[in-house]
Amino acid sequence: MNRAQLLELQQLDIVGDIHGCFDELLSLVGLLGYEISHDEGIILGHPQGRKLVLAGDLVDRGPKVPEVLNLAMHGQQASRVFSVVGNHDDKLLRALKGKELDLRHGLRESLEQLDTHPENFRVEALTFLESLPSYLVFDAGQLIVSHAGIDEEFIGQDSEKIRQICMYGKTTGEVDEYGLCVRYPWAEDYKGEAMVVYGHTPNSNPAMLNNTINIDTGCVFGGRLTAFRYPEKEMISVPAHKFYFSPPKPF
Ligand SMILES: [Mn+2]
């Protein structure tokens, strides 16, 4: 396994698509019992040693992308926060490397916010985004966190193709009435023993199916930011402080 990482951790709080919603993230981790330095915007620890896992799409669309990146980067260095790559994180990485990309769907907001930060912060952000694994495996293989989900056959492996599926998911080849590629409902086919926690597609409520759970509740679109607590399998969420960005389609 190269960019998929195996960790023996067992007490986790997994948070879906943050998209720059830093204030909601701080409220949520506060409710989860983490000790926070509000001045520095970082997590100092958890009394029970719990770890925070960010399920990708940390950036784009929302108001405080650099703050979310700072918390994730600091947390990674301190082994308190673990993150997987999402399609938006990958796109921002490519933009920071100088690639000309479509600035719609929130990339413009990320770049504008990062522009107000010193050059060394952008370099640190680039290095961090580049380091993100395709997916993470926890609890001796019983729990997988992957931004857009993962097929059972790919668990334990990694490749460029698998990384793309973890970030973007698969599509059916059809286009819906909003002009968007129809996402393949991979969870309907999932029969694995490992629980898969993912995001990528916003829902009004967390969606559980076949030992998978989608915890993207569309915070940046005025929904909620949700954490899935493992192994308790409980959910806790906070409402978005405002409607930050129009969703590509209603959810
Ligand atoms: Mn996504």
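With n ≥ 4 as the cut-off for DSSP H runs, can you work out [θ] at 222 nm for the chain, using -39500 (n - 2.57) per run divided by the number of residues, rounded to the nearest 500? Value at 222 nm, helices only, nearest 500: -8000 deg cm²/dmol. The local environment of G149, defined by Cβ-Cβ distances under 14 Å, has a net charge of -4 under the rule Lys, Arg +1 and Asp, Glu -1.
Each peptide in 55-64, 99-108, 190-199 receives the mean, over its residues, of other Cβ atoms within 10 Å, and ordering these scores from highest gives 55-64, 190-199, 99-108. If the segment from D102 to V175 were pulled out straight at 0.36 nm per residue, it would be longer than the present Cα-Cα gap by 24.3 nm. Using C-alpha pairs under 8 Å with a sequence gap of at least 6, the mean separation divided by the residue count of region 1-84 gives a relative contact order of 35 percent.
For region 228-251 versus region 19-96, the inter-centroid distance based on Cα atoms is 15 Å. I want to verify a result. In a Gaussian network model of the chain, Cα cutoff 10 Å, which of these has the top mean-square fluctuation: V145, V238, V182? With Cα springs under 10 Å in the chain, the top fluctuation among V145, V238, V182 is at V182. Applying the Kirkwood pairwise sum to the alpha-carbon positions of region 1-145 produces a hydrodynamic radius of 15.4 angstrom. Rolling a 1.4 Å probe across the protein heavy atoms gives region 55-197 an accessible surface of 45 Å² per residue. Length gained on full extension, K161 to D189: 8.2 nm, using 0.36 nm per residue less the C-alpha separation. Look at the alpha carbon pairs under 8 Å that are at least 6 residues apart: their mean separation over the length of the chain gives a relative contact order of 24 percent. Among rounded, prolate and oblate, which fits the chain when a ≥ b ≥ c are the square roots of the eigenvalues of its C-alpha gyration tensor, a/c under 1.5 means rounded, and a/b larger than b/c means prolate? Verdict is rounded for the chain. Taking the protein heavy atoms of region 103-147 in the context of the full set of protein chains, the accessible area attributed to carbon and sulfur is 53 percent at 1.4 Å. If you sort the three axes of the alpha carbon gyration tensor as a ≥ b ≥ c, you get a/c of 1.5 or more for region 75-188 and a/b no higher than b/c, which makes it oblate.
Provide the percentage of antiparallel DSSP beta bridges, counting only those with both residues in the chain; round to the nearest 5. Here the share of antiparallel DSSP bridges comes out near 55 percent. Can you tell me how region 140-251 classifies by the Cα gyration tensor, rounded, prolate or oblate, using a/c under 1.5 as the rounded cut? Since a/c reaches 1.5 but b/c is at least a/b, the shape of region 140-251 is classed as oblate. For the pair N211 and T116, the difference between a 0.36 nm per residue extended length and the Cα-Cα distance amounts to 30.0 nm.
The values are calculated or read from the model by the stated rules, or taken from the named source; none is laboratory data. Since we're looking at a predicted model, the values are computed, not measured. Note that we place each Cβ from the backbone using ideal geometry, even for glycine, and neighbour counts take in every protein chain shown. Heavy atoms of the whole protein, side chains included, go into the accessibility calculation; ligands, DNA and RNA do not. Shrake-Rupley method; radii C 1.70, N 1.55, O 1.52, S 1.80 Å.
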